[in-house]
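Student: Provided herewith is a single structure, encoded as structure tokens, for subsequent inquiry.
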Amino acid sequence: QVQLVESGGGLVQAGGSLRLSCAVSGRTFSDRGMGWFRQAPGKERAIVASISASGATTFYADSVKGRFTIARDNAKNTGHLQMNSLKPDDTAVYYCSLRPSRYYSGTAVDYNSWGQGTQVTVSS
């Protein structure tokens, strides 16, 4: 049974930065693609970024390209999402996830392990 625990969320002013972390335990991390998703009130869960098992390839939603960076440290079973130039529209609960494949994916149904989420609030 794999467990994912997000941390690093909080309240930040527009233009600020946050770094989210996802600690993974229980099963192999280094052979699974990883994703970060977010869900704002009244909206569906949406992809933010995804990274392959090796870290060699990444995917970003258009809305965060150039501002967010996804990374992973397989030696520490940890993933990260660096978020810069934050906007009020980035306000959401952010979830990390793993999929049973080495490749990245931008589709939520491809993932079968999820964390509980961490709240990010960006004030204007």
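The values are calculated or read from the model by the stated rules, or taken from the named source; none is laboratory data. Values in this document were obtained by computation on a predicted structure and should not be read as measured data. Note that each Cβ is placed from the backbone with ideal geometry, even for glycine, and that neighbours are counted across all protein chains shown. Accessible surface areas use protein heavy atoms only, side chains included; no ligands, DNA or RNA. Shrake-Rupley method; radii C 1.70, N 1.55, O 1.52, S 1.80 Å.
Student: Does anything in segment 76-107 have its amide N under 15 Å from the 7 Å Cα→Cβ label point of E44, and if so which residues?
Tutor: From segment 76-107, the list is 106-107.
Student: For a quick check: with amide H placed at 1.01 Å from N, whose amide H comes under 5 Å from S85's, ignoring anything fewer than 5 positions away on the same chain?
Tutor: For S85, whose amide H was placed from the backbone, there are no distant partners under 5 Å.
Student: Can you give me the Rg/Rh ratio for the chain, using Cα atoms for both radii and the Kirkwood formula for Rh?
Tutor: Rounded to two decimals, Rg over Rh is 0.94.
Student: So if I place +1 on the C-beta of Lys and Arg and -1 on the C-beta of Asp and Glu, and nothing else carries charge, what would the dipole magnitude of segment 19-78 be about its Cα centre? I want it in debye, nearest 20.
Tutor: The calculated dipole for segment 19-78 is roughly 140 debye.
Student: Give me the accessible area per residue for the chain, probe 1.4 Å, as a whole number in Å².
Tutor: For the chain, the solvent-accessible area averages 51 Å² per residue.
Student: Moving to a separate point now. Assigning unit charges at the beta carbon (Lys, Arg +1; Asp, Glu -1) and nothing else, what dipole magnitude in debye, to the nearest 20, does the chain show about its Cα centre?
Tutor: Dipole magnitude for the chain comes out near 140 debye.
Student: With θ set to phi - 60°, apply the Karplus curve 6.51 cos²θ - 1.76 cosθ + 1.60 along segment 108-121 and write out the HN-Hα couplings as whole Hz, x wherever there is a Gly or Pro.
Tutor: Computed from phi, the couplings for segment 108-121 are 4, 5, 7, 9, 10, 9, 9, x, 7, x, 9, 7, 10, 10 Hz.
Student: Also, I was wondering about something else. Karplus couplings for segment 94-107 from phi (6.51 cos²θ - 1.76 cosθ + 1.60, θ = phi - 60°), rounded to Hz, Gly and Pro as x?
Tutor: Residue by residue, segment 94-107 yields 9, 10, 9, 8, 10, 10, x, 7, 7, 9, 7, 7, x, 10 Hz.
Student: Now a separate question. Between Q13 and S54, with labels modelled 7 Å along Cα→Cβ, what's the label distance in nm to one decimal, could you check?
Tutor: Distance between the two pseudo-spin positions: 4.4 nm.
Student: Leaving out ligands, DNA and RNA, and with a 1.4 Å probe, what % of the accessible surface on the chain is carbon or sulfur?
Tutor: It is 46 percent, rounded to a whole number.
Student: Still on this structure: First select every other residue whose beta carbon is under 13 angstrom from the beta carbon of L4; then total the charges, Lys and Arg +1, Asp and Glu -1.
Tutor: Neighbourhood net charge equals +3.
Student: Give a residue-ordered list of calculated ³J(HN,Hα) values for segment 34-50 (Karplus: 6.51 cos²θ - 1.76 cosθ + 1.60, θ = phi - 60°; whole Hz; x for Gly, Pro).
Tutor: Per-residue couplings from phi come out as 10, x, 10, 10, 9, 9, 8, x, x, 10, 7, 5, 10, 5, 10, 7, 9 Hz.
Student: Tell me, in nm to one decimal, what length is gained between Q1 and K76 on full extension, where the rule is 0.36 nm per residue of separation less the Cα-Cα distance?
Tutor: 25.2 nm
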